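One structure is given here, and the rest of the page talks about it.
The values are calculated or read from the model by the stated rules, or taken from the named source; none is laboratory data. Computed from a predicted structure; not experimentally measured. Every residue, glycine among them, receives a Cβ derived from its backbone with ideal geometry; neighbour counts consider all protein chains shown.
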Amino acid sequence: MKLLDLFNLACSSGDKTAGNETQYTIHKTKDAIYLAIQGSVQKQDWLYNFDFAVRPYRDMEAKWYAHRGFATAWKLARDQITKDVISMLGNKKLVILGYSHGAALAMLAHEWFVFNGYAPEAYCFGCPRVLWLPSKKIKQRFTNVHIIRRRGDLVTHVPFAFMGYRFPVKIKSVGKRAPIWWKRHLIAEYGEALA
């Protein structure tokens, strides 16, 4: 699939709800399962977006830290989403998709599947920063994550790097050069940049 096709799937409306208002959709093809986690729609999504205190992931051999709002949203939705995906997965390839808030949760979903022995690929469009000072060992769990940023997208610059937030992989920028501005985050701007 082309990036634009993956982006359109990532932006498809969620037909299922898990946790505290996290919407998602699972698309099945002959060869793959596409888990699409929806961006900010509900008021609760926005509350999670702005809860950027750091939260530790403690119950692992290597403790690491993430954006508290996104980590909380993922933790509340995780059991239902992973159960739904695993029940359909079989030998199919798993592709995790998200845009904006959904991209942040897609990144955490990717890490969960990798940590639990699966080999997913993730496409995170317009993704805010999720990890706080990730170690090299933690970054290795994100090798099949693709972060796609529309040039000038403000959301992909928050929380700010000076606060310790980092992307675990190199970012792919699309679209024409533009000053950083909130309008660059709009779905239409991404669609045009990816076309």
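Computed values, structure above
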item	result
Flag if K136 is farther than 27 Å from K83 by Cβ, without any contact (Cβ under 8 Å) to a residue 12 or more places away in the chain and surrounded by fewer than 14 Cβ atoms within 10 Å (Cβ to Cβ)	yes
Among (1) surrounded by fewer than 16 Cβ atoms within 10 Å (Cβ to Cβ); (2) at pLDDT below 90; (3) outside any strand (DSSP E or B); (4) of a type outside the set (V, I, T), the one test that P56 misses	(3)
Scope segment 81-115; condition out of contact with any Cys (no Cβ under 8 Å at 6 or more places or on another chain) and small (G, A, S); matching residues	S87, G90, G102, A109
Residue count, segment 143-166 (criterion: within 21 Å of F113 (Cα to Cα) and β-branched (V, I, T))	4
